[in-house]
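Structure, as structure tokens:
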Amino acid sequence: MTVDRTTDRRRGAVATRQALMSAASALFAERGYERTTVRDIAARARVNQALLFRYFGSKQALFEQVVAGEGRRHLRRTPAEDVLESALRGLLAQEAGDAGDAGDEEQRHRALDIFLRSAAGGEAARVGRLLTEDYADVLATLTDADDAALRAELVLAWLLGIGLSGRVVGRGALADADPDRVCALVLECARTVLEKLPAQP
């Protein structure tokens, strides 16, 4: 039987890229952009760090793929009316340190969480702007108001503020609250500016 070495190499490259992206996603979420090194990512992925440069070119390019790529995947596979709740639940789960089931949809949406941990850095801020613009564009479709962009950015700022509160304060009523209750209250208030958000059952 003939072994297709080209196919084997491609499968190996895909697996290596995925391992690097998974490792980077976890480390950026834990430490932020600046405190995560190429060596850390390669060690977590169990590959030679030279492969990071081969497949991504730089840590900055990998960060962009992890954050912007993950955020855009979230937006592509999530109906617009569910984006706010899904992103909020993802942030609340990360605040609680709940890794949960790796297959659980909301646990995989770490893009905003990674951005918040990394926002002080120049590269992180640039990528974060791209990411938040994508989220704001989707949220703006949930209202017919003339100031849709403003409404979307206000809701997004609130969402990021909730996530940031968990990073900076880390305790209090919000930290101790039931995520279902937080989501219900946030969505009820957000519906006053994004009227197409579905009513909660």
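The values are calculated or read from the model by the stated rules, or taken from the named source; none is laboratory data. Given the structure is predicted, the values throughout are model-derived calculations rather than measurements. With ideal geometry, Cβ positions are generated from the backbone for all residues, glycine too; neighbour counts draw on all protein chains shown. These area figures cover heavy atoms from the full protein model, side chains too; ligands, DNA and RNA do not enter into them. Shrake-Rupley method; radii C 1.70, N 1.55, O 1.52, S 1.80 Å.
Observations
- Looking only at region 8-61, and only at residues there that are among the basic types (Lys, Arg) and more than 18 Å from Phe115 (Cβ to Cβ), the one that is most open to solvent (accessible area, probe 1.4 Å): Arg46
- Within region 37-72, the set of residues being among the aromatic types (Phe, Trp, Tyr) and in contact (Cβ under 8 Å) with a residue 40 or more places away in the chain comprises Tyr55, Phe63.
- The residue list Arg5, Arg54, Arg44, Arg39 contains one member that is more than 27 Å from Thr132 (Cα to Cα) and at pLDDT below 85, which is Arg5.
- Failed criterion for Gly71 (all others in (1) modelled with pLDDT under 80; (2) surrounded by 19 or more Cβ atoms within 10 Å (Cβ to Cβ) hold): (1)
- Filter pass, Asp82 being farther than 18 Å from Met21 by Cα, modelled with pLDDT of 90 or more, open to solvent by 60 Å² or more (accessible area, probe 1.4 Å) and assigned to a loop (DSSP other than H, G, I, E, B): no
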